[in-house]
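A short write-up of the structure that comes next.
Each reported figure results from applying straightforward, stated rules to the coordinates on display, with no laboratory input. Source: prediction; values computed, not measured. Positions of Cβ are backbone-derived with ideal geometry, glycine not excepted, and every protein chain shown enters the neighbour counts.
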Amino acid sequence: MSNLEFILVTLLNGVTYGLLLFMLSSGLTLIFSMMGVLNFAHASFYMLGAYFAYQISTWVGFWPGLLVAPLLVGAIGALVERYGLRAAHRYGHVAELLFTFGLAFFMEEIVHLIWGRNSVDYRIPDELDGTLFTLFSTDFPIYKGFMMGISVAMLVALYVMLTRTRVGLIIQAALTKPDMVEALGHNVPRIFMLVFGGGSALAGLAGVIGGNAFVTEPGMAAAVGSIVFVVVVVGGLGSLGGAFVASILLGCIQTFSIAMTVSLSDIFALVGISLDKTPSISRLTITQLAPILPYLLMVAILIFRPRGLMGARES
């Protein structure tokens, strides 16, 4: 594989993964920007979306699951906000965090009871299992193109809804002036419930299209939960634009780092630094360091730009 082919193919894979991360993190960003709640159970809604889609696909096929599973997850999210989170809200943010933390464990145990502890056979549909195009000598799967299309369509729909519709304008107003919105006759608690449900549905949609591309098993929420919070912190708490930039950035960082087998000694040698005195460190490759790179980026952002890439400065 030539260097150009490696860069282009890895970039495509990174953008695909980044768009999936944005679909997952956008709901969490919306919920935090409106309600001030860092929902620790958000990745669990992603898991539910994958399992619901798997179950529906075994009955009636993938395409009904693509529509129904996010709606079911959104409905569960709305019920959680109405009958759980709203009650916890009266006791402050600590109670909210504890509630969502416990909810994540509860949802994982429910998955264990219904579908077991092993992964399920949630497959890519036959009509999307093939090659979309060939870049040099590398085949790009149809399903990855489908994932990118769904993610971009969601991004455009979310932007249009928030900036071009009456509902979106009310939601944006409720983000900063909830008392004024309520004085104008709008039911702000209902708006909160719908936003929480909508954010959960976005996570569920990410689960539907990501569950069969990766793996659907009870640990999938824990696998992506931490990286979603990294996206939100790096992009800036409450910033959808920041979440998008951070998602693409982290997607590319993880994809490129996994594909790079050069060692630390090779990298430092380029700038004239020798690691010969620390052979155990010098033998580490970028691939081995890939899991910690997003967290190193988050630490650097918190040190040098605490409000994130595009977060609003707190007053």
Only counting other Cβ atoms within 10 Å, I'd like 154, 180 sorted with the fewest neighbours first. 180, 154
Suppose every K and R has +1 on its Cβ and every D and E has -1 on its Cβ; what is the size of the dipole of the chain about the Cα centre, in Debye to the nearest 20? 840
Phi to ³J(HN,Hα) by Karplus 6.51 cos²θ - 1.76 cosθ + 1.60 over the stretch 242-252, Hz, x for Gly, Pro: x, 4, 5, 4, 5, 4, 5, 4, 5, x, 5
How far apart, in nanometres, would the label points at residue 136 and residue 173 be if each is projected 7 angstrom from Cα along the Cα-to-Cβ direction? 5.4
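What is the order of 134, 255, 285, 58, fewest Cβ neighbours within 10 Å to most?
By the 10 Å Cβ count, ascending, the order reads 134, 58, 285, 255.
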Taking θ as phi - 60°, what are the ³J(HN,Hα) couplings along the stretch 112-119 by the Karplus curve (6.51, -1.76, 1.60), each to the nearest whole Hz, with x for Gly and Pro? 4, 5, 8, 10, x, 9, 9, 5
Stick to Cα atoms and the Kirkwood definition of Rh, then tell me Rg/Rh for the stretch 93-241. 1.03
Any idea which of 132, 100, 161 is furthest toward the positive side of the dipole for the stretch 76-169, if Lys and Arg beta-carbons carry +1 and Asp and Glu beta-carbons -1? 161
Counting only backbone N atoms under 16 Å from a point 7 Å out along Cα-to-Cβ of residue 300, the residues of the stretch 1-43 in range are none
Taking other Cβ within 10 Å of each residue's Cβ, how do 143, 51 sort, fewest first? 143, 51
For the chain, what's the relative contact order in percent, using C-alpha pairs closer than 8 Å and at least 6 residues apart? 32
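Taking Rh as the Kirkwood radius, which is the inverse of the mean 1/r over Cα pairs, what is the Rg/Rh value for the stretch 204-263?
Rg/Rh: 1.02.
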Sequence ranges 159-172, 64-77, ranked by mean other-Cβ count within 10 angstrom, highest first: 64-77, 159-172
Could you list which residues have their amide H under 5 Å from that of residue 135, counting only those 5 or more apart in sequence or on another chain, with H placed in the peptide plane? 140
With 0.36 nm assigned to each residue of separation and the Cα-Cα distance removed, residue 180 to residue 118 gains 17.3 nm
Compute from the Cα atoms of the chain the Rg and the Dmax, the latter being the longest Cα-Cα distance, and quote both in angstrom. 20.9, 70
Using a cut-off of under 14 Å, list every residue of the stretch 198-218 whose amide N is near the label point 7 Å from the Cα of residue 58 along the Cα-to-beta-carbon line. 216-218
What Rg and what Dmax come out for the stretch 5-125 when only alpha-carbon atoms are used, in angstroms? 16.7, 55
How far is helix 166-176 tilted, in degrees, relative to the longest principal axis of the Cα atoms in the chain, given as a value from 0 to 90 rounded to the nearest 10? 80
The simple spin-label model distance between residue 164 and residue 226, using points 7 Å out along Cα→Cβ, in nm, is 4.0
Specify which residue in the list 151, 26, 216 is farthest towards the positive end of the charge dipole of the stretch 3-219, using unit charges on the beta carbon of Lys, Arg (+1) and Asp, Glu (-1), about the Cα centre. 26
